[in-house]
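Worksheet: the structure to be examined is printed underneath.
The values are calculated or read from the model by the stated rules, or taken from the named source; none is laboratory data. In this text, all values refer to a predicted model and were calculated from it rather than measured experimentally. Every residue, glycine among them, receives a Cβ derived from its backbone with ideal geometry; neighbour counts consider all protein chains shown.
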Amino acid sequence: MSKETTRWYSDRLGQEVNVVRWGETGTPVLIFPTAGGDAEECERFLMVDTLAPMLTEGRIKLYAVDSVAGQAWLKKDNTAANAARIQNQFDAFVYHEVVPAIRTDCNAPEIEIVTTGSSIGAFNALAALCRHPDVFSLAICMSGTYDLRKFLEGAVTKDYFRCSPLHFVPEIADDDPQLEALRKRFVLLTHGQGRWEDPKQSWLAADVLGKKEIPNRVDAWDEEWDHDWPTWRKMLPQYLEELVPLPEEA
């Protein structure tokens, strides 16, 4: 299984960012790290090993990027307004820089991308799909935190409204092409019920999506599954097997 690391300076973020790819062929899957994680977090916590069979058989091609926005939400001396501004810059970086890089790497200029992540990574996965249904086809959101004011208190600024699916999705007009595209996508919201989990976060997101008729499903795992990597290593392969077609079916 191949691995390639790329690093470039992003004017949108004002810093260098790492993007890592594992695998050579298959459906591109963009995994967002947890809050403070970098692009290799999923490898250190053995998610890449868990996905190795799917990577080896060419079912998926895995991409990861540094959690620039997540790190902003964790800074205790930061403000929610500033973190939301960085969140929007990060979204622009993903859409205008990472997505074209993935499509170039796949030699497929219009290929659709699956997105996933845990905790704040789940927020980024959901936000990416809701903001850009022209690019992202499916979001697998594990143990998500969808109201980021949990980390930094503050008013709902214009930047926060723009970056938060809980806020902007209800305001999408029924005749907006963005909503029409979203109704052709799918969001999987899953969580355990063990230590450090917050199941109501999944139901908050599902309620917002459901009211707009955006296809979604909530899967609640039982009390033995904590908000931790062993849970996510069990979840992600299962859902990718279910929701990502085999190469010959693509």
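For the reader, a short list of remarks on this structure follows.
- For the range 76-87, the candidate set comprises residues that are surrounded by fewer than 19 Cβ atoms within 10 Å (Cβ to Cβ) and touching a residue at least 40 places away in the same chain (Cβ under 8 Å); within that set, the residue that is nearest to VAL20 (Cα to Cα) is ASN78.
- Entirely in the range 1-49, the strands (runs of 3 or more DSSP E) that have 1 or more residues that are touching a strand residue (DSSP E or B) at 6+ places or on another chain (Cβ under 7 Å) and free of Cβ contacts under 8 Å to residues at least 40 places away in the same chain: 3-10, 15-22
- Sole exception among (1) crowded, with 21+ Cβ neighbours inside 10 Å; (2) at negative phi; (3) in contact with a Ser or Thr (Cβ under 8 Å, 6 or more places away or on another chain) for SER143, by number: (2)
- Counting only helices (runs of 4 or more DSSP H) wholly contained in the range 59-109, the ones carrying 3 or more residues that are modelled with pLDDT under 95, out of contact with any Leu (no Cβ under 6 Å at 6 or more places or on another chain) and not basic (Lys, Arg) occupy 68-74, 80-93.
- Taking the conditions (1) surrounded by fewer than 18 Cβ atoms within 10 Å (Cβ to Cβ); (2) touching a strand residue (DSSP E or B) at 6+ places or on another chain (Cβ under 9 Å); (3) over 19 Å from TRP232 (Cα atoms) in turn, LYS211 satisfies each one other than (2).
- Residue among GLU153, GLU223, GLU213 that alone is out of contact with any Lys or Arg (no Cβ under 7 Å at 6 or more places or on another chain), more than 20 Å from ASN124 (Cβ to Cβ) and free of Cβ contacts under 8 Å to residues at least 40 places away in the same chain: GLU223
- Check on ALA127, closer than 21 Å to TRP73 by Cα, small (Gly, Ala, Ser) and without any contact (Cβ under 8 Å) to a residue 60 or more places away in the chain: yes
- In this structure, VAL169 does not qualify as among the β-branched types (Val, Ile, Thr) and assigned to a strand (DSSP E or B).
- Each residue in the range 88-119 was checked for being of a type in the set (S, T, N, Q) and buried (at least 23 other Cβ atoms within 10 Å of the Cβ), and 4 pass.
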